[in-house]
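Reviewing the structure listed below.
The values are calculated or read from the model by the stated rules, or taken from the named source; none is laboratory data. Source: prediction; values computed, not measured. Glycine gets a Cβ as well: all are built from the backbone with ideal geometry, and neighbour counts include every protein chain shown. Accessible surface areas use protein heavy atoms only, side chains included; no ligands, DNA or RNA. Shrake-Rupley method; radii C 1.70, N 1.55, O 1.52, S 1.80 Å.
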Amino acid sequence: MCSNFIPVSLERISRFGRGMPTFHYAGTCYPAGAAPFVSSFDPSLWLEGTFGLLPHWADPKLARQTYNARSETVATKPCYRTAWRQRQLAVIPVEAFYEPNYESGKAERWRIARDDGEPFGLAGIWERRQREDGASWWSFSMLTINADEHPLMRRFHKLGDEKRSVVILDDEDWDDWLSAKSEADIRSMLVPFRAELMVAVPA
C-alpha cells in the first residue's frame, strides 16, 4: 500500500500539458495531506485534493484510512463504491512513491521512481464534498492491484503479507483513463507496470 509519495513539482508539472495549478502544496504527501490531481470532472484542470477519499458522510479523519482503494473491492466498499459507480476517475502525478522493504530483517523505507527520472501518473478515484463556506473539498484515493508475482513490488511489505501495487498509467493513456465509462474499459487499464522502467533504492 502506498502511504507516502512525492507530488510532481510545480517546476515540472507543465510537462503534462494541462496548465499550472493555482495553489501551492508540500513536497511530500502523507495520508490526509494535500496534492494535485486531475479528474474526470474536468481533465484540463489541476485540483487540490486530500490524500484519502472522503465521501460526504465521512469524518475527515477517515482520510488516514482511505488513501488506497483495492481494485478487487472498490465497487462494494462503502467509502469507495459511489465514486467507482459514478466513474469518478483520477490521475495523481508523482515524482516517486515509497514502500517498506523488509529484506534486511527490519523495515527500510525505499523510494520507487522512473529510471529516467521523469514524473508519472497513478490511477485513482476522487470525491467532492462542500466545506462550511460552500467551497468544494476534493479528495482522492490511489487504486491498488495484487503484486504477489510482480518482479519489483513483491519485494515490499512484510513476509507473508499480500503484496500490493499502485497502477502507473502511461502518459498517453491519461485521457483514456479519465474518460473510461465501462467496467471492462476501466479494469483493462488496472494492470501491473513494467518493472524495467522503474528503479527502487533505499531512501
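Dipole magnitude of the chain about its Cα centre, charges +1 at Lys/Arg Cβ and -1 at Asp/Glu Cβ only, in debye to the nearest 20? Spell out each step's value before the answer.
Values: 25 positive and 28 negative charges, 142 e Å.
Roughly 680 debye, rounded to the nearest 20.
Considering only protein heavy atoms, what per residue accessible area in square angstrom results for the chain with a 1.4 angstrom probe? Don't skip to the end; give the middle numbers.
Details: 9800 Å² over 203 residues.
Here the residues of the chain average 48 Å² of exposed surface.
Over 31 Å apart: what share of the alpha carbon pairs of the chain falls there, rounded to a whole percent?
Details: 2616 of 20503 pairs.
For the chain, the share of Cα pairs beyond 31 Å comes to 13 percent.
On average, how much area does the Cα convex hull of region 1-72 cover when viewed from any direction, in nm²?
Working: hull surface 22.6 nm².
Taking the Cα atoms of region 1-72, their convex hull projects to 5.7 nm² on average.
Mind giving me the nanometre distance, one decimal, between the label points for Phe41 and Arg87, set 7 Å out from Cα along Cα→Cβ?
1.8 nm
Quick check for you: which residues of region 20-42 have the amide N under 20 Å from the point 7 Å beyond the Cα of Lys61 toward its beta carbon?
Flagged as within label range: 30-34.
Counting only other residues whose beta carbon sits under 15 Å from that of Arg87, what net charge do I get with K and R as +1, D and E as -1? Working shown, then result.
Values: positive: Arg81, Arg85, Arg128, Lys181, Arg187; negative: Asp42, Glu127, Asp175, Asp176, Glu183, Asp185.
Taking every other residue near Arg87 into account, the sum is -1.
Toward the positive end of the charge dipole of region 80-203, about the Cα centre and with charges on Cβ (Lys, Arg +1; Asp, Glu -1), which of Pro100, Gly121, Val191 goes farthest?
My answer, from the dipole projection, is Pro100.
Enter the Cα centre distance for the pair region 13-40 and region 84-126, rounded to the nearest angstrom.
The distance from the Cα centre of region 13-40 to that of region 84-126 comes to 14 Å.
Counting only protein heavy atoms and using a 1.4 Å probe, what share of the accessible area of the chain belongs to carbon plus sulfur, as a whole percent?
Values: 4810 of 9800 Å².
For the chain, the apolar C and S fraction of the accessible surface comes to 49 percent.
Which order do you get for Met1, Met142, Met198 if you rank them by accessible area with a 1.4 Å probe, largest at the top? Mind dumping the intermediate values first?
Values: Met1 65, Met142 0, Met198 20 Å².
Order by accessible area, largest first: Met1, Met198, Met142.
Computed over the Cα atoms of region 72-115, what is the ratio Rg over Rh, Rh following Kirkwood? Write out the running numbers ahead of the final one.
Numbers: Rg = 15.9 Å, Rh = 13.5 Å.
Across region 72-115, the Cα-based Rg/Rh ratio is 1.19.
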